[in-house]
Amino acid sequence: MFQTYQYPEFDYQQSEEQRTGRVKRHPMVVIGAGPIGLTAALDFAQRGIPTIVLDDNNTVSIGSRAVCYAKRPLEIWDRLGCGDRMVDKGIKWKIGKVFFRDDLTYTFDLLPEDGHKNPAFINLQQYYLEEYMVEECAKSNLIDLRWKHKLINLTQLDDGVSLTIETPDGVFTMEADWVLACDGANSDTRKMVGAGFSGQFFQDRFLIADIIMKADFPTERWFWFDPPFHRGQSALLHKQCDDVWRLDFQLGWESDPEEEKKPENIIPRVKAMLGEDTEFELEWASVYQFACRRIDQFRYGRVLFAGDAAHQVSPFGARGANTGVQDIDNLAWKLKLVMDGDAPESLIDSYHEERAFAADDNLLNSTRSTDFITPKSEASRRFRDAVLDLSEVTDFAKPLVNSGRLSAPTPYVESSLNTADESSFSGSMTPGTCCLDAPVKVGGEDAWFLNQIGGGFTLLVFGDEEAETVAVGSVTANVLRVGSDVEDPEGKLAERYNAAPGTVYLIRPDQHVAARWRYFNDNKVASALKTAIGGA
């Protein structure tokens, strides 16, 4: 009745180094070809780092799994060349509705203003996401995807890592200057280096059911507390592409996951939500529990960690994959500078500093969402229900409704790479914050601001202020002038950056603000650039 996704199979190939038995050293080896590992490969390659990706499987993820992707990761994938395809295929949305029992209590808009290239969120099955990135990786001669290659042991060397790899043809050894572990919440790599991974476990169980159906529901996120079709628990409804819908049902502590996954038990739940006459097919189902925890250090010698291998959050708020993609965005440019000898190796330590700070912020929000959705005591439940009741009739209670605070980038407000403001600014573009997009014109053609930055350091200059490229060693910050290099016809760029004529921003390669001033001074820019590359 409905067409389902056809999973690709990627060919295993024996490498030359395994065939010859000669140990070869590689600049970068990534463990895991999921969304985070593939993002890393694309970002490393774009910055000129040859990368080997090892994965013990030979296809994309089974089931839709992660489906909600936020604006900031979409901007990163756009920089890497595959964002447009994801947005075109995905379901774009920004409106969420929260229901309590039989009533709509709260509606929110995640991107109420216009003038952004990417939407607030898209819903796209993870298998499409991975398929698109695999195809993009295949276009690069700097990326070598090695399927059915399983890491079984590693040894830290003084200047790299020795890796023991198992393949269908046996075991061989390779070496890497750097290793990035993107092998998930149950990371074997993390266990091999003896890293700590601590936090809070949650006992509640939830059922994911992906169904294929034709329906005219709006493309919004609908979340219920204590709905009539699932009393005493919560539920979620979200549309994906290809007429696939994500349903999520809270099950409670005592539920039997094997029983709950059986179609004969899932189908009555779906019919209770959607109506007895609704035609649908069950595509994929899973019962899950979750934890909120993170690794003690994102770096162990020459082994680095990203994504779920570094931090695990609850699914409420879509913080897992979205946060992991931002790990890569933070790391890739730093590794490139260190590999090229343009920054001290200690710059890599700022990866832990900034991304552990972001992980802790995400863990805090994730835990708060979980506690609101699944109260652990009768007092907590009464508080939660009172907030939901009040949100129907008062504005002050609406922000307290927490059906999963949705993923937003964490500003690195305390980063050692920032240079503090010395002049007064308003707005959100403080040092450590990722840049906001805006519509611009380049050569008279419509364009987007974020597409003009990200290759290296940028000195964004508003107006006719005299400014020139600034360098620290081999690291340069090239001038991008608003008014000549890019035009700001709607004034949105100046508005979002609180810019008057003469305002100057120093922007990092990951499109984060490093410093800003009300006028250009080459000595101050050079000092801030030196700070942003770790004091080289």
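The values are calculated or read from the model by the stated rules, or taken from the named source; none is laboratory data. Keep in mind it's a predicted model, so treat the numbers as computed, not measured. Don't worry about glycine lacking a Cβ; one is built from the backbone with ideal geometry, like all the others, and counts go over all protein chains shown. To get the accessible areas, we keep the full protein, side chains included, count just its heavy atoms, and leave off ligands, DNA and RNA. Shrake-Rupley method; radii C 1.70, N 1.55, O 1.52, S 1.80 Å.
I need the per residue convex hull volume for the stretch 416-508, using only the alpha carbons, in cubic angstrom as a whole number.
Spread over its residues, the Cα hull of the stretch 416-508 gives 108 Å³ apiece.
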Given Cα pairs under 8 Å that are at least 6 residues apart, what percent is the relative contact order of the chain? 14 percent
Could you size up the charge dipole of the stretch 114-208 around its Cα centre, putting +1 on the beta carbon of Lys and Arg and -1 on that of Asp and Glu, and report it in debye to the nearest 20? 320 debye
Helix-only mean residue ellipticity at 222 nm, the chain, DSSP H runs n ≥ 4 weighted -39,500 (n - 2.57), per residue, nearest 500. What is it? -8000 deg cm²/dmol
Amide H neighbours of MET28 at under 5 Å, excluding residues fewer than 5 places away on the same chain, with H built from the backbone geometry, are ILE52, ASP177, TRP178
Quick one: grab the alpha carbon gyration tensor of the stretch 363-411, order the square roots of its eigenvalues as a ≥ b ≥ c, and give me rounded if a/c is under 1.5, else prolate or oblate depending on whether a/b is larger than b/c. oblate
Give me the one-decimal nm value for the distance between modelled label points at ASP485 and GLN203, 7 Å along each residue's Cα-to-Cβ direction. 5.8 nm
Qualifying chymotrypsin sites (Phe, Trp or Tyr not before Pro) in the stretch 190-289, DSSP loop, other Cβ atoms within 10 Å at most 11: TRP253
If you place +1 on the Cβ of every Lys and Arg, -1 on the Cβ of every Asp and Glu, and leave all else neutral, what size is the dipole of the stretch 150-294 about its Cα centre, to the nearest 20 Debye? 520 debye
Along the charge dipole of the chain, pointing to its positive end and built from +1/-1 on Cβ of Lys, Arg, Asp and Glu, which listed residue (LEU237, MET192, LEU163) has its Cα farthest out? MET192
Options PRO50, ILE95, VAL60, ranked by Cα towards positive dipole end of the stretch 1-103, top entry (Cβ charges): ILE95
TYR288 to ASP243: FRET efficiency via 1/(1 + (r/R0)^6), r the Cβ-Cβ distance, R0 25 Å, to the nearest 0.05? 0.60
Radius of gyration, Dmax [the chain; alpha carbons; angstrom]: 24.1, 73
Using the Cα centre of the stretch 241-373 as the reference point, and only Cβ charges (+1 on K/R, -1 on D/E), how large is the resulting charge dipole? Debye, rounded to the nearest 20. 540 debye
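What fraction of the Cα pairs in the stretch 247-390, stated in percent, has a spacing above 28 angstrom?
The answer is 43 percent, as a whole percent.
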Could you list the residues of the stretch 430-451 with an amide nitrogen less than 14 Å from a label point located 7 Å from the Cα of TYR519 in the Cα-to-C-beta direction? none
State the extension gain, in nm to one decimal, for the chain segment bounded by SER474 and ASP256, taking 0.36 nm per residue of separation less the distance between their alpha-carbons. 72.5 nm
At a Förster radius of 60 Å, what calculated FRET efficiency corresponds to the Cβ-Cβ distance of GLU466 and GLU276, to the nearest 0.05? 0.25
Estimated FRET transfer efficiency (PHE108, ASP158; beta-carbon r; R0 60 Å; 0.05): 0.70
Want the number for ASN186 to ARG19: 0.36 nm per residue separation, take away the alpha-carbon distance, what's left? 57.1 nm
Loop sites in the stretch 149-220: trypsin sites (Lys or Arg not before Pro), DSSP, at most 16 other Cβ within 10 Å: LYS214
Probe 1.4 Å, all protein chains in place: accessible area of THR323 in Å², nearest 10? 10 Å²
Pull out a ≥ b ≥ c, the square roots of the eigenvalues of the alpha-carbon gyration tensor of the stretch 235-284, then state rounded if a/c is under 1.5, prolate if not and a/b is larger than b/c, and oblate in the remaining case. prolate
Simple spin-label estimate for THR4/GLU378, 7 Å along Cα→Cβ, in nm, reads 4.6 nm
What does the extension gain come out to for LYS441 and ALA526, with contour length at 0.36 nm per residue minus their alpha carbon separation? 27.7 nm
For the stretch 376-418, which GluC sites (Glu not before Pro) are both in a DSSP coil and crowded by at most 12 other Cβ atoms within 10 Å? GLU414
Are there DSSP H segments in the chain that both extend 27 Å or more along their axis (alpha-carbon positions) and score a mean Kyte-Doolittle hydropathy of at least -0.5? List them, or say none. 320-339
Quick calc of log₁₀ I(q)/I(0), the stretch 302-379, Debye, one scatterer on every Cα, no solvent, q values 0.21 1/Å, result -0.90
